[in-house]
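These notes are about the structure you will find just below.
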Amino acid sequence: MKNLYFFSMNSDTPRPVLQGAGPIHFFLMISIGAIYPLLFTLNNYAVGSGTPAIAFTFWQTFGAAVILLFIGATRRELPRLEWPHLKAYIIMGATGIAAPVALITWLSTKLPVGVMSIIVVLSPPITYALALAFGLEKVKPLSLVGIACGLAGILLLIIPELNLPESGMFWWLLLALLAPASFALTNNLAALIRPPDSPPVSLSGGLVSAAAIMLVPAMFLFGHEYVFPGQNTWADIAILGAAAITCLMYITFLVIVKAAGPVFFSQFNYVIVVAGLLWGILLKSESYGLNVWLSAALMLCGVAFLSWSARRTSSAQC
């Protein structure tokens, strides 16, 4: 659901010496990539059974915030409360968590799980495109090929008569594209407004906490109030599961990036696409046309070219 690239964007902080990826890091990367798409299934069940979308988003975000703040307290890396930090938490928490995650949750009953997994992975190409527009990145041929692959993949999805189960899904899919666009905007905002003295644990705790706080008035504004625990036990279990997956996502990210770097971690996008399609088939009995599989393949190629470009840039700077 969330995109974690914004923790790895350029900043004024010194780059740590990476230890290198070991077997445990491959295991963690594959595991979180396989588990993460289950969020879409949990969203689908909870919202489909009557849990308000914004409330579901709030409770899973709140649960993740509690755990991340606890980790920050034990490491003495709690969120900073100076204005530059608060500004980053508020802006990036809104664009990177509150708005896109609530949107994805709301759309969970309107689009197949596998299609949602493909859409979310569109974030890296959009991130690079926005970085070019903001002057944060230079033109790189491999990255441009990655963007082209991502664009071709999404074009295959938005032709409703060819692959979507229902023609009405076309408009929901277009709306869903706002989620990866919002994630991509956050990635670039991180390079512009992230305070240089903001460790990942502190930043993640601040962002998730700010997002949870912002979702409270949104719940009342849209009439999405829900007191946890509620009357639907399985919906509450879905909330706990979503919160646990969100926490695992952050913790795994922090562990892997510290040891192996963000480019290595970005490969989990490959696993998300494949796992999302498989979970949709196994848990929701979804079926996909040839164009959906071709779209997934193009998305994977897009991420591969972007990762290759980033790896070449990183090697050239060493």
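The values are calculated or read from the model by the stated rules, or taken from the named source; none is laboratory data. Keep in mind that this is a model prediction, so the values were computed, not measured. So basically every Cβ, Gly included, is an ideal-geometry build from the backbone, and we count neighbours across all protein chains shown.
For region 81-99, the criterion of being more than 19 Å from Ala243 (Cα to Cα) and assigned to a loop (DSSP other than H, G, I, E, B) is met by at least one residue.
Scanning region 215-251 for residues that are surrounded by 19 or more Cβ atoms within 10 Å (Cβ to Cβ) and within 20 Å of Thr186 (Cα to Cα), we see that the one that is modelled with the lowest pLDDT is Tyr250.
In this structure, does Leu277 turn out to be at pLDDT 75 or above and surrounded by fewer than 18 Cβ atoms within 10 Å (Cβ to Cβ)? No.
Residues in region 22-49 that are buried (at least 23 other Cβ atoms within 10 Å of the Cβ) and aromatic (Phe, Trp, Tyr) were compared, and the one that is nearest to Met249 (Cα to Cα) is Tyr36.
Note on region 28-51: residues that are in contact with a helix residue (DSSP H, G or I) (Cβ under 7 Å, 6 or more places away or on another chain) and either closer than 10 Å to Ala235 by Cβ or without any contact (Cβ under 8 Å) to a residue 60 or more places away in the chain (or both) amount to 7. Need the failing condition index for Thr186 against (1) at pLDDT 85 or above; (2) buried (at least 23 other Cβ atoms within 10 Å of the Cβ); (3) over 12 Å from Gly93 (Cβ atoms), just the number. Every listed condition holds for Thr186 apart from (3).
Considering region 110-139 alone, what residues qualify as being farther than 18 Å from Ala296 by Cα, modelled with pLDDT of 80 or more and part of a loop (DSSP other than H, G, I, E, B)? Walk me through how you get there before you give the answer.
Filtering region 110-139 down to residues farther than 18 Å from Ala296 by Cα leaves 110, 127-139.
Then drop every residue that is not modelled with pLDDT of 80 or more, which leaves 110, 127, 129-135.
Residues satisfying the conditions are Lys110, Gly135.
Of everything in region 1-44 that is more than 20 Å from the chain's Cα centre (by Cα) and assigned to a helix (DSSP H, G or I), the residue that is modelled with the highest pLDDT is Ile24.
Condition (residue is under 21 Å from Ala296 (Cβ atoms), outside any helix (DSSP H, G or I) and of a type outside the set (Phe, Trp, Tyr)) applied to region 45-58: is it met by at least one residue? Scanning region 45-58, I find no residue that is under 21 Å from Ala296 (Cβ atoms), outside any helix (DSSP H, G or I) and of a type outside the set (Phe, Trp, Tyr), so the answer is no. For region 50-66, indicate whether the set of residues that are surrounded by fewer than 18 Cβ atoms within 10 Å (Cβ to Cβ) and at pLDDT below 90 is non-empty. Taking every residue of region 50-66 in turn, at least one turns out to be surrounded by fewer than 18 Cβ atoms within 10 Å (Cβ to Cβ) and at pLDDT below 90.
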